[in-house]
Amino acid sequence: MKKAFIRILCLLLGVNVFTACYGPALPPPDQELIQKELEAMQQEQKAWEEQQLQEDEPEEEAETPEQE
Amino acid sequence: MFFQSQLLKWESRVHPLRQLFWECTLRCNLRCRHCGSDCTASALAPDMPFEDFEKVLLRIKEAYEPKEILIIFSGGEPLMRKDLADCGRRVQELGFPWGLVSNGYLMNPKRALELLKAGMRTATISLDGLEEEHDWMRGVPGSFARADEAIRYLSGVSFLGFDIVTCVTQKNIGQLQQIKEYLISAGVKAWRLFTVFPVGRGATDPVLQLTGEQYRALMEFIVACRKEGRIKASYGCEGFLGPYEGKVRDHLFSCQAGLSIASVRIDGAISGCTSIRASYSQGNIYTDDFVDVWEHRFGIFRDHTPFKTGPCAECRWWKKCQGNGMHLRGENGELLLCNLSRL
């Protein structure tokens, strides 16, 4: 009860309690959103890696005759 | 202000643990001019095995609600640990949210994704200027380019609490406007600026210290950024600021070390935050019970009365300042720096 009262009081006074030297605030843990975004990021990363592979291949092919 | 001093007393009594720093390694891949830690001792201090820290977390989980305590991996450079994602995954399994502080050099998209999948929910990347100034400060060419890649990637992650931290020195004070524009263009929403405190490599380098005039200009710059509202700029926890209290930070100053913040250092020492002198360690995870230490020690962190000496003895701001941040105190309690005196 006392804790709640002080917290409300702090809110009214515009005082953030327990803010700390480490900056970023923890966002709300919306697991569904996190999962969705992670999946999209994974796909993006995979696509990028595949693209890199494709870009590398012609170079390797071009180098092969010279090496031979 | 009556309420503020009452609030501090209440915080001291309740001291709910909210952030726990884990100094997981002292190894570092950069050679920062302002480094306040003992990274040069890396060869002498091996990384702490995760199993040792895990025992602390298991004990904390018995006593407190883990989801309310943010675990922050710090260093050295935490990404130097190859098992960092495994550590993070286990921390998450135990129910704790976790984040890290990094120079961003090793944070490529692949690594970032691995860490995000392992439960990383907050990240801070250090950036000390645009390319020339940042690379100069960090001592390694190419470090800006690597930090830039990390910043652009992480700022796009909606579920990540993300900010940039910048050490303001004589070298970059004239460039703050350009840095701000760069950060905004990179999608950054929160920016913390701080100034060097006289410890570690930066203690004796005059280029790193601002003059009084520059310091006031920094405060005015932050005030202007906050009014403008394009990026949430704030000043770090470098002590009490008198007339600038409430203008450059979201909260009024109080050193939270030992009130809501603890750290486990590389050697197992239990302290407030990792920037505080070793002489203030309150115990060690290898010999003491963490929860017992948190509950029953930390006396000097929760009652700063012994610091009311020297320049603080007669200071009219004592009630609000309470002797400044714990990291601004020397081994014997002496005040190393009072930024208020520069304003």
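The residue that is surrounded by the fewest Cβ atoms within 10 Å (Cβ to Cβ), counting only those in segment B:300-343 that are in contact (Cβ under 8 Å) with a residue 12 or more places away in the chain and of a type in the set (V, I, T), is B:T309.
Taking the criterion of being without any contact (Cβ under 8 Å) to a residue 40 or more places away in the chain and either more than 16 Å from B:V165 (Cα to Cα) or surrounded by fewer than 20 Cβ atoms within 10 Å (Cβ to Cβ) (or both), the residues of segment B:217-248 that qualify are B:E220, B:V223, B:A224, B:R226, B:K227, B:E228, B:G229, B:G246, B:K247.
Please go through segment B:155-179 and pick out each residue that is touching a residue at least 24 places away in the same chain (Cβ under 8 Å), facing chain A (nearest Cβ under 10 Å) and more than 19 Å from B:C237 (Cα to Cα). Hits for segment B:155-179 are B:G156, B:V157, B:F159, B:L160.
The residue that is farthest from the other protein chains (Cβ to nearest Cβ), among those in segment B:226-253 that are touching a strand residue (DSSP E or B) at 6+ places or on another chain (Cβ under 7 Å) and among the hydroxyl-bearing types (S, T, Y), is B:Y235.
Yes or no, residue by residue, for (1) touching a strand residue (DSSP E or B) at 6+ places or on another chain (Cβ under 8 Å); (2) aromatic (F, W, Y); (3) at pLDDT below 95; (4) at negative phi:
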site: B:C28; (1), (2), (3), (4): no, no, yes, yes
site: B:T40; (1), (2), (3), (4): no, no, yes, yes
site: B:L44; (1), (2), (3), (4): no, no, yes, yes
site: B:L57; (1), (2), (3), (4): yes, no, no, yes
site: B:L70; (1), (2), (3), (4): yes, no, no, yes
site: B:G75; (1), (2), (3), (4): yes, no, yes, yes
site: B:L79; (1), (2), (3), (4): yes, no, no, yes
site: B:A85; (1), (2), (3), (4): no, no, no, yes
site: B:S102; (1), (2), (3), (4): yes, no, no, yes
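Of all residues in segment B:137-157, those being at pLDDT below 95 and not charged (D, E, K, R) number 3. The set of residues in segment B:87-113 being within 13 Å of another protein chain (Cβ to nearest Cβ), within 12 Å of B:A150 (Cβ to Cβ) and polar (S, T, N, Q) consists of B:S102, B:N108.
Condition (residue is farther than 25 Å from B:I72 by Cβ and within 14 Å of chain A (Cβ to nearest Cβ)) applied to segment B:180-198: is it met by at least one residue? For segment B:180-198, residues farther than 25 Å from B:I72 by Cβ and within 14 Å of chain A (Cβ to nearest Cβ): absent.
Give segment B:254-279 a look and list any residue that's more than 14 Å from chain A (Cβ to nearest Cβ) and touching a strand residue (DSSP E or B) at 6+ places or on another chain (Cβ under 6 Å), or say none. The answer is B:V264, B:R265, B:I266, B:G268, B:A269, B:I270. Within the set B:P97, B:P109, the sole residue that is under 14 Å from B:L160 (Cβ atoms) and in contact with a Leu (Cβ under 7 Å, 6 or more places away or on another chain) turns out to be B:P97. Comparison of B:G139, B:G129 shows that the only residue that is surrounded by 23 or more Cβ atoms within 10 Å (Cβ to Cβ) and away from chain A (no Cβ under 14 Å) is B:G129.
The values are calculated or read from the model by the stated rules, or taken from the named source; none is laboratory data. Keep in mind that this is a model prediction, so the values were computed, not measured. Cβ sites come from the backbone with ideal geometry, for glycine too, and all protein chains shown count toward neighbours.
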